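Take a look at the structure set out below.
The values are calculated or read from the model by the stated rules, or taken from the named source; none is laboratory data. Because the structure is a prediction, the values reported are computed rather than measured. In this analysis, Cβ positions are derived from the backbone assuming ideal geometry, glycine residues included, and neighbour counts consider all displayed protein chains. To get the accessible areas, we keep the full protein, side chains included, count just its heavy atoms, and leave off ligands, DNA and RNA. Shrake-Rupley method; radii C 1.70, N 1.55, O 1.52, S 1.80 Å.
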6 protein chains.
Amino acid sequence: MSQRYPLPELKDLPEDLRQRILEVQEKSGFVPNVFLALARRPAEWRAFFAYHDALMTPETTGRTSGLTKGEREMIVTATSAANQCLYCVVAHGAILRIYEKKPLVADQVAVNYRKADIPPRQRAMLDFAMKVCLRSHEVDEADFPALHAHGFNDEDIWDIAAITAFFGLSNRMASFSGMMPNPEFYLMGRVPREKK
Amino acid sequence: MSQRYPLPELKDLPEDLRQRILEVQEKSGFVPNVFLALARRPAEWRAFFAYHDALMTPETTGRTSGLTKGEREMIVTATSAANQCLYCVVAHGAILRIYEKKPLVADQVAVNYRKADIPPRQRAMLDFAMKVCLRSHEVDEADFPALHAHGFNDEDIWDIAAITAFFGLSNRMASFSGMMPNPEFYLMGRVPREKK
Amino acid sequence: MSQRYPLPELKDLPEDLRQRILEVQEKSGFVPNVFLALARRPAEWRAFFAYHDALMTPETTGRTSGLTKGEREMIVTATSAANQCLYCVVAHGAILRIYEKKPLVADQVAVNYRKADIPPRQRAMLDFAMKVCLRSHEVDEADFPALHAHGFNDEDIWDIAAITAFFGLSNRMASFSGMMPNPEFYLMGRVPREKK
Amino acid sequence: MSQRYPLPELKDLPEDLRQRILEVQEKSGFVPNVFLALARRPAEWRAFFAYHDALMTPETTGRTSGLTKGEREMIVTATSAANQCLYCVVAHGAILRIYEKKPLVADQVAVNYRKADIPPRQRAMLDFAMKVCLRSHEVDEADFPALHAHGFNDEDIWDIAAITAFFGLSNRMASFSGMMPNPEFYLMGRVPREKK
Amino acid sequence: MSQRYPLPELKDLPEDLRQRILEVQEKSGFVPNVFLALARRPAEWRAFFAYHDALMTPETTGRTSGLTKGEREMIVTATSAANQCLYCVVAHGAILRIYEKKPLVADQVAVNYRKADIPPRQRAMLDFAMKVCLRSHEVDEADFPALHAHGFNDEDIWDIAAITAFFGLSNRMASFSGMMPNPEFYLMGRVPREKK
Amino acid sequence: MSQRYPLPELKDLPEDLRQRILEVQEKSGFVPNVFLALARRPAEWRAFFAYHDALMTPETTGRTSGLTKGEREMIVTATSAANQCLYCVVAHGAILRIYEKKPLVADQVAVNYRKADIPPRQRAMLDFAMKVCLRSHEVDEADFPALHAHGFNDEDIWDIAAITAFFGLSNRMASFSGMMPNPEFYLMGRVPREKK
């Protein structure tokens, strides 16, 4: 389906999009396809990445989160697996491996997070994320004490829910538009870097 | 659950949020709860409404859509019903009634859109929206010809998918946070205005 | 689908059916479509309404129920929503609003009863009704204590189950035959009557 | 669960119920438990069996059906299996064997009707019954031509839907109330009677 | 579908297959179709029955099981019903009746094991089997204490899981290949043998 | 759960098991955990690997298959993903990458095979495998022509079904017993070997 909604050329994009994309390319060594796939509609692109940043790099919006960077990517990976989104599982699984410094964790979380080698706190976090992802209409007050018991406060729980909800949007757009993960993502974070 | 994430006071909000909210209040006669419920996190609020506007009032972002305003609200209502989101069904059902000038259509779409009194074009639109909502991983090229046959072009189809995806996010946040519809919404658009 | 099984003329119906229908018309100001849609088969019509009356107006059959009239209609509305039956959600939602004197409750129960503004007793009642509706094969002794704790005795529980089961029948017949709610139902009970 | 709603004594029942039950006992050699289990509420009992007779022995209500007696019981067996209702699968499976004079057909239909040794007409009939049973909200005009092609007219199709809907009610009441099949049913119709 | 994969002739089979099949025929009075249906691929046949024997007649492989022969067949019957496998429900239901000396138990377990007349130990056994059958990815440590409480040790629990898993394989092959139960199975064990 | 069913020591195993395991170790450089996890029950181990070999290395049992080695592993990976089996997705995904010489294909098939970069023949193969995996009771004659059109004959189709069925067994045993993939598998086949 990549032809139906072709990726735009970087040179044809508005300056603010191009600037951000060049920064990402500088940092990552390549342009993740999501940056181009959504850029055909600049207004949606801007809102998407503003939302992304508010949740995934809250410090850039003047907020701190009780979730670690790795935990946030873990939620994304589990949600994307539940929604069977190829782009997001592969791309965010890569980032998860890097942040957590655990080369095996992304595949574990994607296939069956219940069997992943993660601490109980993260298991509880993913149980709740899956409820928001799959049965949000059943979420209620009774879900909070179990999360509090693992050290999550109400702001952290909002983060879990909001990240799950936002990537449910991302998953649907990626699957709908036939977004394919860049080949680079598949291998990132799998081979521990040698110490120098 | 309204106490867990209490609505902020209008006076405590950043100026841009307060400004927009006052405009909405001016226009609608009341402040829809979603504007306050999400305002406790201004960065997310700004991204949410920027995304909302890009899809629901595209003309404000320099784009036109092949979907009518009523069709866009119809997608929201059907998606929100599938996700059992009380706030969004009631609030957007109200707007749907007003835009379509059909006092019965929102309840029909919310309970079972297959039985709603809508033309085949809108039925095909909602069939596709429900696939994006519930089985986005199965969307593929084979879904497009049926939509083209009803006059939707690829940009319109992107609109259907994106609106469905965005309100899937909205639905999850509303259900998670216990957002309740303002009482005003329930009756809006049900009584045809008398001609003057 | 209304043409496939056309509504019969009142004048062509057996006397007992016509009599009851005229009474309903007298009381309601219109003839709810279910009375005509099923009347094409008088024997089924008689059984249907005899069953309906035994459960919904038990006093007409010499029995009292521990459920209020509003609670019975609340079960019908929740069951009909679970079965996505347009006719029954709209028609019985209207009656629910009137009996409970709560203009908002029907939409809340229909979209997501877990978020409805109802007391814990009614929430427990609807949880059980949904189990009978969707997973009756799993009902067992363990379901009773929670209901007893809310003041329901075994006869009340029979009422919950029987109303759920009967309207499951009604829902299927209405959806199958394309029964459409009378326009009058949509607005009934939404505007509180002014006190005189 | 049989103790929670104990079967009443025949002598304590209203005369019309006792009369019918004695007739059944005379004919069958035993009293099927459903006749006693529902008799604790005579008004519901009368409606239940009036409905039953209108659909299953239409000739007693002055109507003929295009479905054979065996076909009607086949619908009941398939519906009851889908609803996992022990009483109805065993009791109506027995009657199905007898009417169809096929000792194996009831188990086949109950386990997987798609593999049963039945003609295409009956397969189409059960496909439609299962749609009414499990997804009645999706039934629409497109379902009718396939049934017409197998010789079912619109009245026959009403019969299929109504029998499915009625036994969905019966299944829920039986499972809810813990109704157990009489031991006699399990063996009925399994051993072909010798010709004399 | 029986023609697509026709049953081979006994005389055309390898000697070890023919020998085992003749022994079964000698003992049962007929050749169960599974022995012929799988024999078209001798290597798979040998592995299938070796696995079968290791689990279902462990004493032939030098192991004893804490499950009775009847309990093992009960697991097979429940699993096969969940997978809607006609061959296995009918064939193993027959063996279940014989081993348990309960003519009614197979139909009860096949239709709804929750309503079957079995002791709590066997109910817990089937609850766990159904979890392995339908949601094996959710099995975890928390499932074991309930089984231990009913006297199952870890080896017994392995047996429950392995029998469920093996017959999931068997069910899929039987349904795929259109395997039909021999008529003899339907009646076996239903009529208690008279004492001599 | 690894402690509940501890892996046996190689030295304690029967000679034939030890011999095979040493061969695998020689060839792979490590002992895949499935060889040890099942070895605690030698009779089941022997049947499991005999079945495995009959389907996955049919040439060792004197049979050839119309499926390539890569296609067989692709079925295993898709089936294991559908059953959320961590061990099998990771271990067989690795073998799939190696056989197909496509470093990206395993993750694609595991997350959403509909979006994988595979030819239509393999897509049709996986569609059928998923039907056998998830709805084997619905498989019927109508499934064969589509497969024939892609060049699969009836023996190939048997292979697809049997591999799916066998690994459904494997998946359940792995999830039940808490089998974890060896770390070596995660990286195998991801980095194309340099040509010498």
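Brief remarks follow.
- Taken residue by residue and averaged, Cβ atoms of other chains lying within 10 Å of the Cβ of B:152-165 number 3.
- Shown for D:His52: label points 7 Å from Cα along the beta-carbon vector, and their distances to the equivalent points in the other copies, 2.3, 4.1, 5.6, 5.6, 6.4 nm in ascending order.
- Cα→Cβ-extended label distance, 7 Å offset, between F:Glu59 and B:Arg121, nm: 6.0 nm
- Annotation: aspartates and glutamates with alpha-carbon distance below 13 angstrom to B:Lys69 (same-chain offsets under eight excluded): B:Asp53, B:Glu59, B:Glu100, B:Asp156, B:Asp159.
- Per-q log10 I(q)/I(0), region B:130-196, q = 0.13, 0.29 Å⁻¹ (Debye; single scatterer per alpha-carbon; no solvent): -0.62, -1.26
- Using the alpha carbons alone, the radius of gyration of chain D stands to its Kirkwood radius in an Rg to Rh ratio of 0.97.
- Chain D versus the axis that turns it onto chain C: the residue with the nearest Cβ and the distance in whole Å amount to D:Leu169, 2.
- Relative to the longest principal axis of the Cα atoms of chain C, the long axis of helix C:86-100 makes an angle of roughly 60 degrees.
- Cα centroid of region B:75-116 to Cα centroid of region C:13-86, whole Å: 27 Å
- Residues of region A:84-107 with an amide N closer than 19 Å to a point placed 7 Å from the Cα of A:Leu187 along the Cα-to-Cβ direction: A:90-99, A:102-107.
- Across chain D, C-alpha contacts under 8 Å between residues 6 or more apart give a mean separation that, scaled by the residue count, equals a relative contact order of 29 percent.
- Other copies of E:Gly29: label-to-label distances in nm, shortest first, labels 7 Å along the beta-carbon direction: 2.1, 6.1, 7.4, 7.4, 8.2
- Estimated vicinal HN-Hα couplings, Hz - region D:15-21 in sequence order (Karplus 6.51, -1.76, 1.60; Gly, Pro = x): 4, 5, 5, 4, 4, 5, 5
- Shown for the protein assembly as shown: cysteine residues without a partner Cβ closer than 4.7 Å, namely A:Cys133, B:Cys133, C:Cys133, D:Cys133, E:Cys133, F:Cys133.
- Beyond 24 Å in Cα-Cα separation lie the following of the pairs D:Lys11/E:Lys115; C:Lys131/E:Lys115; C:Lys27/C:Lys131; D:Lys101/E:Lys27; A:Lys131/F:Lys102: D:Lys11/E:Lys115; C:Lys27/C:Lys131; D:Lys101/E:Lys27; A:Lys131/F:Lys102.
- For region D:84-196, the spread of Cα positions along the three principal axes, ordered from largest to smallest, is 45, 39, 24 Å.
- Volume per residue that the Cα convex hull of region E:1-94 spans, once the total is divided by residue count, Å³: 115 Å³
- Normalised by residue count, the protein assembly as shown yields a Cα convex hull volume of 208 Å³ per residue.
- When shorter helices are ignored and each DSSP H run of at least 4 residues is given -39500 (n - 2.57), the per-residue value for chain C at 222 nm works out to -19500 deg cm²/dmol.
- Inter-site label distance for F:Lys11 and E:Thr68 at 7 Å from Cα along Cβ, in nm: 4.3 nm
- Averaged per residue, region E:36-119 has 30 square angstrom of accessible surface, using a 1.4 angstrom probe with ligands and nucleic acids left out.
- Using only alpha carbons, region D:97-156 has a radius of gyration to Kirkwood radius ratio (Rg to Rh) of 1.00.
- Region D:119-196: relative contact order in percent, alpha carbon pairs under 8 Å with at least 6 residues between: 31 percent
- Shortest-first nm distances, A:Glu138 label point to equivalent points in other copies (7 Å, Cα→Cβ): 0.7, 0.8, 2.1, 2.1, 2.2
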